[in-house]
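J.: The structure follows.
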Amino acid sequence: MTEPLLKSTNQTPASADAGLLTSAQIASTVEDVLAKTPFVDIHTHLFAPAFGKLGLWGIDELLTYHYLEAEFFRFSQTAPETYWSLSKRGRADVIWRTLFVENTPVSEATRGVIAVLQSFGLPTDHSDLAEARLFFKAQDIETHIENVLRMAGLSLVVMTNDPLDPEEAAIWRNDVALHPQFRAVLRLDGILCSWSAHWQALAAQGYDVDENVSRKSGNEVWRFLADWHKRMRPVYMAVSLPDAFEYPQETIGNRLLTDAVLPACRELNLPLSLMIGVRRQVNPALRLAGDAAGRTDLRALENLCREFPDNRFLVSVLSRENQHELCVYARKFSNLMPFGCWWFLNNPSIVEEITRERFEMLGMSFIPQHSDARVLEQVIYKWKNTRRTLAPILANSYRLLAEDGRTITRADIQRDVTRLFRSNAESWMDLRVPRSDSLEPAS
Ligand code: FIX
Ligand code: ZN
(Lines give C-alpha, C1' and ligand atoms only; values in the text may rest on other atoms or scores of the structure.)
(Ligands and ions follow the chains in the order given, each with its own letter.)
Protein backbone atom coordinates (compact mmCIF):
# COMPACT_ATOMS: atom_id res chain seq x y z
CA MET A 1 0.00 0.00 0.00
CA THR A 2 1.28 3.49 -0.80
CA GLU A 3 1.39 6.01 1.98
CA PRO A 4 -0.28 9.12 0.56
CA LEU A 5 -0.38 10.91 3.90
CA LEU A 6 3.27 10.39 4.67
CA LYS A 7 5.57 12.92 3.17
CA SER A 8 8.40 11.25 1.30
CA THR A 9 11.79 12.74 2.17
CA ASN A 10 15.36 11.53 1.85
CA GLN A 11 16.37 12.91 5.20
CA THR A 12 18.28 10.66 7.57
CA PRO A 13 16.91 10.62 11.11
CA ALA A 14 19.90 12.67 12.27
CA SER A 15 19.21 15.48 9.84
CA ALA A 16 15.46 15.29 10.10
CA ASP A 17 15.10 17.41 13.22
CA ALA A 18 12.72 19.93 11.78
CA GLY A 19 11.56 17.84 8.83
CA LEU A 20 8.81 15.33 8.34
CA LEU A 21 9.54 11.63 8.67
CA THR A 22 8.62 8.79 6.38
CA SER A 23 7.20 5.61 7.80
CA ALA A 24 10.60 3.90 7.72
CA GLN A 25 12.26 6.94 9.26
CA ILE A 26 9.71 6.99 12.07
CA ALA A 27 10.81 3.54 13.23
CA SER A 28 14.52 4.32 13.15
CA THR A 29 14.04 7.76 14.71
CA VAL A 30 12.02 6.32 17.58
CA GLU A 31 14.81 3.79 18.24
CA ASP A 32 17.44 6.50 18.04
CA VAL A 33 15.61 8.89 20.37
CA LEU A 34 14.89 6.10 22.87
CA ALA A 35 18.58 5.14 22.81
CA LYS A 36 19.85 8.69 23.31
CA THR A 37 17.41 10.04 25.89
CA PRO A 38 18.57 9.55 29.49
CA PHE A 39 15.73 8.10 31.56
CA VAL A 40 14.72 8.44 35.19
CA ASP A 41 14.12 5.10 36.96
CA ILE A 42 11.36 5.98 39.43
CA HIS A 43 11.31 2.76 41.47
CA THR A 44 14.28 0.56 42.32
CA HIS A 45 15.67 -1.20 45.37
CA LEU A 46 19.20 0.05 44.61
CA PHE A 47 21.30 2.14 47.00
CA ALA A 48 23.82 4.95 46.59
CA PRO A 49 27.41 3.89 47.41
CA ALA A 50 27.29 5.50 50.86
CA PHE A 51 24.85 2.77 51.94
CA GLY A 52 27.68 0.22 51.73
CA LYS A 53 26.64 -3.41 51.70
CA LEU A 54 22.93 -2.59 51.46
CA GLY A 55 23.66 -1.97 47.77
CA LEU A 56 23.75 -5.29 45.88
CA TRP A 57 25.90 -5.80 42.79
CA GLY A 58 27.99 -8.41 40.98
CA ILE A 59 27.47 -11.87 39.58
CA ASP A 60 26.56 -13.70 42.80
CA GLU A 61 23.83 -11.16 43.59
CA LEU A 62 22.59 -11.21 39.99
CA LEU A 63 22.21 -14.99 40.08
CA THR A 64 20.51 -15.12 43.47
CA TYR A 65 17.85 -12.55 42.46
CA HIS A 66 14.52 -13.86 43.77
CA TYR A 67 13.07 -14.02 40.25
CA LEU A 68 15.76 -16.63 39.42
CA GLU A 69 15.37 -18.46 42.73
CA ALA A 70 11.69 -19.05 41.91
CA GLU A 71 12.72 -20.50 38.52
CA PHE A 72 15.47 -22.62 40.11
CA PHE A 73 12.93 -24.49 42.25
CA ARG A 74 11.00 -25.44 39.11
CA PHE A 75 14.04 -27.13 37.56
CA SER A 76 15.85 -28.53 40.61
CA GLN A 77 14.93 -31.19 43.15
CA THR A 78 16.87 -29.24 45.80
CA ALA A 79 14.70 -28.57 48.86
CA PRO A 80 14.42 -24.89 49.81
CA GLU A 81 16.05 -25.54 53.23
CA THR A 82 19.05 -27.15 51.51
CA TYR A 83 19.33 -24.21 49.11
CA TRP A 84 19.13 -21.66 51.95
CA SER A 85 21.84 -23.51 53.89
CA LEU A 86 24.36 -22.77 51.09
CA SER A 87 26.59 -19.68 51.04
CA LYS A 88 25.62 -16.87 48.61
CA ARG A 89 28.38 -18.09 46.28
CA GLY A 90 27.17 -21.69 46.56
CA ARG A 91 23.60 -20.61 45.70
CA ALA A 92 24.85 -18.65 42.70
CA ASP A 93 26.79 -21.73 41.52
CA VAL A 94 23.77 -24.06 41.69
CA ILE A 95 21.55 -21.53 39.96
CA TRP A 96 24.11 -21.03 37.19
CA ARG A 97 24.49 -24.79 36.71
CA THR A 98 20.74 -25.50 36.79
CA LEU A 99 19.30 -22.60 34.81
CA PHE A 100 22.18 -21.66 32.51
CA VAL A 101 24.25 -24.82 31.90
CA GLU A 102 21.72 -27.66 32.13
CA ASN A 103 18.87 -25.61 30.64
CA THR A 104 18.48 -22.88 28.03
CA PRO A 105 18.03 -19.48 29.69
CA VAL A 106 15.09 -18.18 27.69
CA SER A 107 12.99 -16.72 30.51
CA GLU A 108 13.05 -12.95 30.94
CA ALA A 109 15.08 -13.10 34.17
CA THR A 110 17.65 -15.64 32.93
CA ARG A 111 18.05 -13.87 29.59
CA GLY A 112 18.71 -10.71 31.58
CA VAL A 113 21.81 -12.24 33.19
CA ILE A 114 23.07 -13.22 29.74
CA ALA A 115 22.56 -9.66 28.50
CA VAL A 116 24.49 -8.25 31.48
CA LEU A 117 27.43 -10.65 30.99
CA GLN A 118 27.49 -9.84 27.31
CA SER A 119 27.43 -6.09 27.97
CA PHE A 120 30.69 -6.45 29.94
CA GLY A 121 32.24 -8.74 27.32
CA LEU A 122 32.09 -11.71 29.74
CA PRO A 123 31.49 -15.31 28.61
CA THR A 124 27.81 -16.30 28.55
CA ASP A 125 28.29 -20.07 28.13
CA HIS A 126 31.08 -21.14 30.47
CA SER A 127 30.42 -23.97 32.89
CA ASP A 128 31.64 -21.89 35.84
CA LEU A 129 31.62 -18.26 36.97
CA ALA A 130 35.36 -17.76 37.51
CA GLU A 131 35.87 -15.08 34.87
CA ALA A 132 32.76 -13.13 35.83
CA ARG A 133 33.76 -13.20 39.51
CA LEU A 134 37.24 -11.89 38.70
CA PHE A 135 35.76 -9.07 36.63
CA PHE A 136 33.35 -7.87 39.30
CA LYS A 137 35.98 -8.20 42.04
CA ALA A 138 38.19 -5.77 40.12
CA GLN A 139 35.54 -3.01 39.98
CA ASP A 140 35.63 0.09 42.12
CA ILE A 141 32.00 0.55 43.17
CA GLU A 142 31.77 4.31 42.60
CA THR A 143 33.11 4.09 39.04
CA HIS A 144 31.17 0.90 38.40
CA ILE A 145 27.89 2.63 39.35
CA GLU A 146 28.67 5.50 36.97
CA ASN A 147 29.43 3.03 34.14
CA VAL A 148 26.37 0.90 34.76
CA LEU A 149 24.00 3.88 34.81
CA ARG A 150 25.56 5.16 31.59
CA MET A 151 25.24 1.73 29.96
CA ALA A 152 21.58 1.57 31.07
CA GLY A 153 20.87 5.06 29.69
CA LEU A 154 19.81 6.38 33.11
CA SER A 155 20.52 9.78 34.57
CA LEU A 156 18.82 9.14 37.90
CA VAL A 157 17.59 6.25 40.03
CA VAL A 158 15.07 6.44 42.82
CA MET A 159 15.77 4.19 45.82
CA THR A 160 13.36 2.55 48.31
CA ASN A 161 14.25 3.66 51.84
CA ASP A 162 12.83 2.06 54.94
CA PRO A 163 13.12 4.19 58.09
CA LEU A 164 12.21 1.12 60.19
CA ASP A 165 15.09 -0.98 58.92
CA PRO A 166 17.63 -0.62 61.74
CA GLU A 167 20.66 -1.00 59.47
CA GLU A 168 19.43 1.56 56.97
CA ALA A 169 18.14 3.98 59.63
CA ALA A 170 21.57 4.00 61.29
CA ILE A 171 23.17 5.08 58.00
CA TRP A 172 20.67 7.91 57.54
CA ARG A 173 21.27 9.08 61.12
CA ASN A 174 24.97 9.33 60.31
CA ASP A 175 24.33 12.10 57.76
CA VAL A 176 24.76 9.96 54.68
CA ALA A 177 26.49 11.69 51.75
CA LEU A 178 24.18 12.92 48.98
CA HIS A 179 24.74 11.31 45.60
CA PRO A 180 23.87 13.29 42.46
CA GLN A 181 22.28 10.26 40.71
CA PHE A 182 20.23 8.77 43.57
CA ARG A 183 17.07 10.07 45.24
CA ALA A 184 15.27 8.71 48.28
CA VAL A 185 11.74 7.40 48.82
CA LEU A 186 10.12 7.11 52.23
CA ARG A 187 8.69 3.58 52.33
CA LEU A 188 5.69 3.03 54.61
CA ASP A 189 4.96 -0.72 54.52
CA GLY A 190 5.91 -1.24 58.17
CA ILE A 191 3.52 1.51 59.24
CA LEU A 192 0.57 0.93 56.91
CA CYS A 193 0.64 -2.86 56.46
CA SER A 194 2.02 -4.28 59.71
CA TRP A 195 1.57 -1.69 62.44
CA SER A 196 1.32 -4.32 65.22
CA ALA A 197 4.84 -5.51 64.37
CA HIS A 198 6.31 -2.02 64.02
CA TRP A 199 4.68 0.46 66.40
CA GLN A 200 7.24 -0.35 69.08
CA ALA A 201 10.04 0.61 66.68
CA LEU A 202 8.47 4.07 66.40
CA ALA A 203 8.03 4.20 70.17
CA ALA A 204 11.73 3.29 70.52
CA GLN A 205 12.59 6.28 68.27
CA GLY A 206 10.77 8.55 70.74
CA TYR A 207 7.26 8.81 69.23
CA ASP A 208 4.29 8.54 71.57
CA VAL A 209 2.37 5.85 69.68
CA ASP A 210 0.41 2.81 70.78
CA GLU A 211 -0.81 -0.42 69.27
CA ASN A 212 -4.44 0.72 68.91
CA VAL A 213 -3.54 4.00 67.20
CA SER A 214 -5.26 6.28 69.67
CA ARG A 215 -5.82 9.87 68.55
CA LYS A 216 -2.33 11.10 69.49
CA SER A 217 -0.70 8.23 67.55
CA GLY A 218 -1.86 9.77 64.26
CA ASN A 219 -0.14 13.05 65.15
CA GLU A 220 2.94 11.24 66.31
CA VAL A 221 3.21 9.23 63.06
CA TRP A 222 2.84 12.55 61.25
CA ARG A 223 5.78 13.88 63.30
CA PHE A 224 7.78 10.72 62.50
CA LEU A 225 7.18 11.25 58.77
CA ALA A 226 8.12 14.92 58.97
CA ASP A 227 11.36 14.07 60.79
CA TRP A 228 12.30 11.39 58.25
CA HIS A 229 11.41 13.81 55.48
CA LYS A 230 14.03 16.18 56.85
CA ARG A 231 16.60 13.40 56.89
CA MET A 232 15.89 11.71 53.56
CA ARG A 233 14.37 14.45 51.39
CA PRO A 234 12.27 11.76 49.68
CA VAL A 235 10.76 12.43 46.28
CA TYR A 236 7.61 10.56 47.26
CA MET A 237 6.23 8.24 49.97
CA ALA A 238 5.39 4.65 49.03
CA VAL A 239 3.67 1.47 50.08
CA SER A 240 3.07 -1.96 48.48
CA LEU A 241 -0.46 -3.08 49.28
CA PRO A 242 -2.09 -6.51 49.16
CA ASP A 243 -4.74 -7.45 46.60
CA ALA A 244 -7.24 -7.39 49.50
CA PHE A 245 -6.71 -3.65 50.10
CA GLU A 246 -10.00 -1.81 50.65
CA TYR A 247 -10.82 1.83 51.22
CA PRO A 248 -12.85 2.98 53.07
CA GLN A 249 -12.71 0.26 55.67
CA GLU A 250 -12.16 0.53 59.41
CA THR A 251 -8.57 -0.73 59.64
CA ILE A 252 -5.53 0.55 61.49
CA GLY A 253 -3.71 0.98 58.19
CA ASN A 254 -6.51 3.14 56.78
CA ARG A 255 -6.66 5.23 59.95
CA LEU A 256 -2.91 5.90 59.68
CA LEU A 257 -3.33 6.60 55.97
CA THR A 258 -6.00 9.26 56.47
CA ASP A 259 -4.77 10.73 59.79
CA ALA A 260 -1.04 10.83 59.12
CA VAL A 261 0.20 9.79 55.67
CA LEU A 262 -2.16 11.69 53.37
CA PRO A 263 -2.01 14.96 55.37
CA ALA A 264 1.79 14.67 55.54
CA CYS A 265 1.98 14.15 51.76
CA ARG A 266 -0.22 17.21 51.21
CA GLU A 267 1.76 19.38 53.58
CA LEU A 268 5.14 18.24 52.19
CA ASN A 269 3.87 18.31 48.59
CA LEU A 270 4.81 14.68 47.95
CA PRO A 271 2.93 12.11 45.87
CA LEU A 272 2.04 8.79 47.46
CA SER A 273 2.97 5.68 45.50
CA LEU A 274 0.55 2.78 45.86
CA MET A 275 1.71 -0.52 44.39
CA ILE A 276 -1.32 -2.75 44.70
CA GLY A 277 -1.85 -6.48 44.29
CA VAL A 278 0.93 -8.36 46.07
CA ARG A 279 0.04 -11.55 47.93
CA ARG A 280 2.93 -11.84 50.35
CA GLN A 281 4.37 -15.22 51.25
CA VAL A 282 1.99 -17.65 49.58
CA ASN A 283 4.97 -20.03 49.79
CA PRO A 284 7.12 -18.88 52.73
CA ALA A 285 9.73 -21.61 52.12
CA LEU A 286 10.85 -19.60 49.07
CA ARG A 287 11.41 -16.44 51.19
CA LEU A 288 11.46 -13.34 48.92
CA ALA A 289 10.55 -15.56 45.95
CA GLY A 290 7.44 -16.73 47.79
CA ASP A 291 5.19 -13.71 46.99
CA ALA A 292 2.43 -13.92 44.39
CA ALA A 293 -0.06 -11.61 42.66
CA GLY A 294 -3.80 -11.08 43.01
CA ARG A 295 -6.49 -9.03 41.38
CA THR A 296 -7.66 -6.13 43.51
CA ASP A 297 -10.89 -4.13 43.65
CA LEU A 298 -9.77 -0.76 42.31
CA ARG A 299 -12.82 0.96 43.76
CA ALA A 300 -10.52 1.57 46.73
CA LEU A 301 -8.34 3.69 44.45
CA GLU A 302 -11.39 5.45 42.99
CA ASN A 303 -12.50 6.36 46.51
CA LEU A 304 -9.07 7.68 47.47
CA CYS A 305 -8.66 9.77 44.30
CA ARG A 306 -12.13 11.31 44.75
CA GLU A 307 -11.99 11.85 48.51
CA PHE A 308 -8.48 13.33 48.47
CA PRO A 309 -8.27 15.55 45.36
CA ASP A 310 -5.31 17.43 46.88
CA ASN A 311 -3.23 14.26 47.12
CA ARG A 312 -1.43 12.82 44.11
CA PHE A 313 -1.29 9.04 43.67
CA LEU A 314 1.41 7.27 41.64
CA VAL A 315 -0.05 3.84 41.02
CA SER A 316 1.14 0.47 39.72
CA VAL A 317 -0.96 -2.68 39.89
CA LEU A 318 0.36 -6.22 39.84
CA SER A 319 -2.50 -8.02 38.18
CA ARG A 320 -2.84 -7.90 34.41
CA GLU A 321 -6.64 -7.92 34.87
CA ASN A 322 -6.49 -4.59 36.74
CA GLN A 323 -4.64 -2.70 34.00
CA HIS A 324 -7.67 -1.68 31.96
CA GLU A 325 -9.51 -0.29 34.98
CA LEU A 326 -6.37 1.61 35.99
CA CYS A 327 -6.38 3.36 32.59
CA VAL A 328 -10.08 4.16 32.97
CA TYR A 329 -9.52 5.67 36.42
CA ALA A 330 -6.58 7.71 35.10
CA ARG A 331 -9.02 9.25 32.59
CA LYS A 332 -11.33 10.21 35.50
CA PHE A 333 -8.79 11.51 38.00
CA SER A 334 -5.88 13.78 37.07
CA ASN A 335 -4.42 13.17 40.55
CA LEU A 336 -3.67 9.59 39.43
CA MET A 337 -0.50 8.72 37.52
CA PRO A 338 -0.20 5.10 36.33
CA PHE A 339 3.39 3.89 36.27
CA GLY A 340 5.39 0.81 35.34
CA CYS A 341 4.68 -2.79 34.43
CA TRP A 342 5.49 -4.25 37.79
CA TRP A 343 7.29 -7.54 38.63
CA PHE A 344 5.28 -10.44 37.09
CA LEU A 345 4.08 -8.04 34.37
CA ASN A 346 7.57 -7.03 33.30
CA ASN A 347 7.74 -9.50 30.40
CA PRO A 348 7.74 -8.30 26.77
CA SER A 349 4.38 -9.88 25.85
CA ILE A 350 2.56 -8.24 28.75
CA VAL A 351 4.47 -4.94 28.65
CA GLU A 352 3.50 -4.68 25.01
CA GLU A 353 -0.19 -5.21 25.71
CA ILE A 354 -0.31 -2.82 28.67
CA THR A 355 1.71 -0.09 26.99
CA ARG A 356 -0.28 -0.22 23.78
CA GLU A 357 -3.46 0.20 25.76
CA ARG A 358 -2.02 3.08 27.78
CA PHE A 359 -1.05 4.98 24.61
CA GLU A 360 -4.52 4.39 23.22
CA MET A 361 -6.29 5.57 26.36
CA LEU A 362 -3.90 8.09 27.91
CA GLY A 363 -1.64 9.43 25.16
CA MET A 364 1.71 10.36 26.72
CA SER A 365 0.27 11.06 30.19
CA PHE A 366 1.72 8.08 32.09
CA ILE A 367 5.12 6.71 33.14
CA PRO A 368 5.65 3.53 31.11
CA GLN A 369 8.19 1.71 33.19
CA HIS A 370 10.40 1.46 36.26
CA SER A 371 13.05 -1.25 36.68
CA ASP A 372 12.42 -2.47 40.24
CA ALA A 373 16.11 -3.49 40.08
CA ARG A 374 17.46 -5.01 43.28
CA VAL A 375 20.93 -5.65 41.91
CA LEU A 376 22.78 -2.75 40.27
CA GLU A 377 23.64 -4.32 36.90
CA GLN A 378 20.00 -5.38 36.33
CA VAL A 379 19.27 -1.86 35.11
CA ILE A 380 21.33 -2.68 32.01
CA TYR A 381 19.07 -5.49 30.82
CA LYS A 382 15.79 -4.15 32.19
CA TRP A 383 16.13 -0.80 30.41
CA LYS A 384 17.51 -2.42 27.26
CA ASN A 385 14.39 -4.59 27.17
CA THR A 386 12.10 -1.63 27.85
CA ARG A 387 13.59 0.33 24.94
CA ARG A 388 13.41 -2.72 22.68
CA THR A 389 9.75 -3.45 23.52
CA LEU A 390 8.66 0.18 23.45
CA ALA A 391 10.23 1.14 20.12
CA PRO A 392 7.82 -0.70 17.79
CA ILE A 393 4.78 0.20 19.92
CA LEU A 394 5.60 3.89 19.88
CA ALA A 395 6.53 3.78 16.17
CA ASN A 396 3.22 2.08 15.41
CA SER A 397 1.29 4.83 17.25
CA TYR A 398 3.03 7.45 15.07
CA ARG A 399 2.45 5.39 11.92
CA LEU A 400 -1.28 5.25 12.61
CA LEU A 401 -1.32 8.96 13.38
CA ALA A 402 0.55 9.72 10.14
CA GLU A 403 -1.89 7.55 8.19
CA ASP A 404 -4.71 9.54 9.74
CA GLY A 405 -3.22 12.80 8.53
CA ARG A 406 -0.75 14.20 11.04
CA THR A 407 2.86 14.86 10.10
CA ILE A 408 5.50 13.54 12.49
CA THR A 409 8.90 15.12 13.18
CA ARG A 410 11.88 14.05 15.21
CA ALA A 411 11.12 16.95 17.55
CA ASP A 412 7.66 15.45 18.25
CA ILE A 413 9.20 12.09 19.05
CA GLN A 414 11.86 13.66 21.26
CA ARG A 415 9.24 15.66 23.19
CA ASP A 416 7.13 12.54 23.76
CA VAL A 417 9.98 10.26 24.83
CA THR A 418 11.25 12.95 27.21
CA ARG A 419 7.76 13.25 28.66
CA LEU A 420 7.29 9.53 29.14
CA PHE A 421 10.65 8.77 30.69
CA ARG A 422 11.60 12.04 32.40
CA SER A 423 9.28 15.00 32.56
CA ASN A 424 6.09 13.23 33.64
CA ALA A 425 8.14 12.13 36.67
CA GLU A 426 9.73 15.58 37.07
CA SER A 427 6.35 17.27 37.08
CA TRP A 428 5.09 14.94 39.80
CA MET A 429 8.12 14.96 42.08
CA ASP A 430 11.01 17.23 42.82
CA LEU A 431 13.95 15.33 41.36
CA ARG A 432 16.48 18.13 41.76
CA VAL A 433 19.49 17.43 43.98
CA PRO A 434 18.38 18.36 47.50
CA ARG A 435 20.37 21.35 48.70
CA SER A 436 22.66 20.17 51.46
CA ASP A 437 21.59 23.06 53.69
CA SER A 438 17.98 21.85 53.32
CA LEU A 439 18.92 18.57 54.99
CA GLU A 440 18.33 19.77 58.51
CA PRO A 441 19.06 17.38 61.31
CA ALA A 442 15.79 15.76 62.34
CA SER A 443 14.70 16.18 65.94
O1 FIX B 1 7.14 -4.11 47.02
C2 FIX B 1 7.96 -3.90 46.12
O3 FIX B 1 8.55 -2.82 45.95
C4 FIX B 1 8.27 -5.06 45.19
O5 FIX B 1 8.70 -4.52 43.97
C6 FIX B 1 9.33 -5.95 45.77
O7 FIX B 1 9.14 -6.13 47.09
C8 FIX B 1 9.44 -7.29 45.04
O9 FIX B 1 10.07 -8.23 45.86
C10 FIX B 1 10.24 -7.12 43.80
O11 FIX B 1 11.45 -7.14 43.84
C12 FIX B 1 9.57 -6.96 42.56
O13 FIX B 1 10.15 -6.72 41.52
ZN1 ZN C 1 9.78 -2.80 44.27
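J.: Being away from ligand 2 (no atom under 16 Å from the Cβ), modelled with pLDDT of 95 or more and either not acidic (Asp, Glu) or not in a loop (DSSP other than H, G, I, E, B) (or both) is the requirement here; does Phe73 meet it? Steps first, answer last, please.
T.: On the way: away from ligand 2 (no atom under 16 Å from the Cβ): yes; modelled with pLDDT of 95 or more: yes; either not acidic (Asp, Glu) or not in a loop (DSSP other than H, G, I, E, B) (or both): yes.
For Phe73, the condition - away from ligand 2 (no atom under 16 Å from the Cβ), modelled with pLDDT of 95 or more and either not acidic (Asp, Glu) or not in a loop (DSSP other than H, G, I, E, B) (or both) - is met.
J.: Show the residue pairs that are 6+ apart or on different chains and have beta-carbon atoms under 6 Å apart, the first residue being within the stretch 330-355 and in contact (Cβ under 8 Å) with a residue 40 or more places away in the chain and of a type outside the set (Lys, Arg), the second being part of a helix (DSSP H, G or I) and away from ligand 1 (no atom under 16 Å from the Cβ).
T.: Final answer for the pair search is Met337/Trp428; Pro348/Thr389; Glu352/Thr389.
J.: Here is a follow-up. Go through (1) in a helix (DSSP H, G or I); (2) buried (at least 18 other Cβ atoms within 10 Å of the Cβ); (3) of a type outside the set (Ser, Thr, Tyr) one by one and return the number of the condition Ala226 breaks.
T.: (2) is the only condition that Ala226 fails.
J.: Residue by residue through the stretch 369-383, note down the ones that are part of a loop (DSSP other than H, G, I, E, B) and surrounded by fewer than 24 Cβ atoms within 10 Å (Cβ to Cβ). Show your work before the answer.
T.: So the first thing to find is which residues in the stretch 369-383 are part of a loop (DSSP other than H, G, I, E, B), and the list is 369-374, 376-377.
Within the stretch 369-383, Asp372, Arg374 meet the criteria.
J.: Restricting the search to the stretch 166-196, which residues are within 16 Å of ligand 1 (Cβ to nearest atom), more than 17 Å from Leu241 (Cβ to Cβ) and part of a loop (DSSP other than H, G, I, E, B)?
T.: If we filter the stretch 166-196 for residues that are within 16 Å of ligand 1 (Cβ to nearest atom), which is where we start, we get 168, 183-194.
Filter again for more than 17 Å from Leu241 (Cβ to Cβ), leaving 168, 183-184.
Answer for the stretch 166-196, where residues must be within 16 Å of ligand 1 (Cβ to nearest atom), more than 17 Å from Leu241 (Cβ to Cβ) and part of a loop (DSSP other than H, G, I, E, B): just Ala184.
Yes or no, residue by residue, for (1) over 16 Å from Leu336 (Cα atoms); (2) within 16 Å of ligand 2 (Cβ to nearest atom):
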{"residue": "Pro234", "(1), (2)": "yes, yes"}
{"residue": "Ala238", "(1), (2)": "no, yes"}
{"residue": "Pro242", "(1), (2)": "yes, yes"}
{"residue": "Ile252", "(1), (2)": "yes, no"}
{"residue": "Arg255", "(1), (2)": "yes, no"}
{"residue": "Leu262", "(1), (2)": "no, no"}
{"residue": "Glu267", "(1), (2)": "yes, no"}
{"residue": "Leu270", "(1), (2)": "no, no"}
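J.: Could we say that Arg255 is at pLDDT 95 or above, part of a helix (DSSP H, G or I) and either under 19 Å from Gly218 (Cβ atoms) or within 16 Å of ligand 1 (Cβ to nearest atom) (or both) here?
T.: Working: at pLDDT 95 or above: yes; part of a helix (DSSP H, G or I): yes; either under 19 Å from Gly218 (Cβ atoms) or within 16 Å of ligand 1 (Cβ to nearest atom) (or both): yes.
In short, yes.
J.: Out of the stretch 117-130, which residues are surrounded by fewer than 15 Cβ atoms within 10 Å (Cβ to Cβ) and of a type outside the set (S, T, N, Q)?
T.: Gly121, Pro123, Asp125, His126, Asp128, Ala130
J.: Further question: I'm told Leu304 meets every condition in (1) surrounded by 23 or more Cβ atoms within 10 Å (Cβ to Cβ); (2) away from ligand 1 (no atom under 16 Å from the Cβ); (3) under 28 Å from Ile145 (Cα atoms) except one. Can you identify the failing condition by its number?
T.: Failed condition: (3).
The values are calculated or read from the model by the stated rules, or taken from the named source; none is laboratory data. All values derive from a computational prediction rather than experimental measurement. Ideal geometry is used to build each Cβ from the backbone, glycine not excepted, and the neighbour counts take in all protein chains shown.
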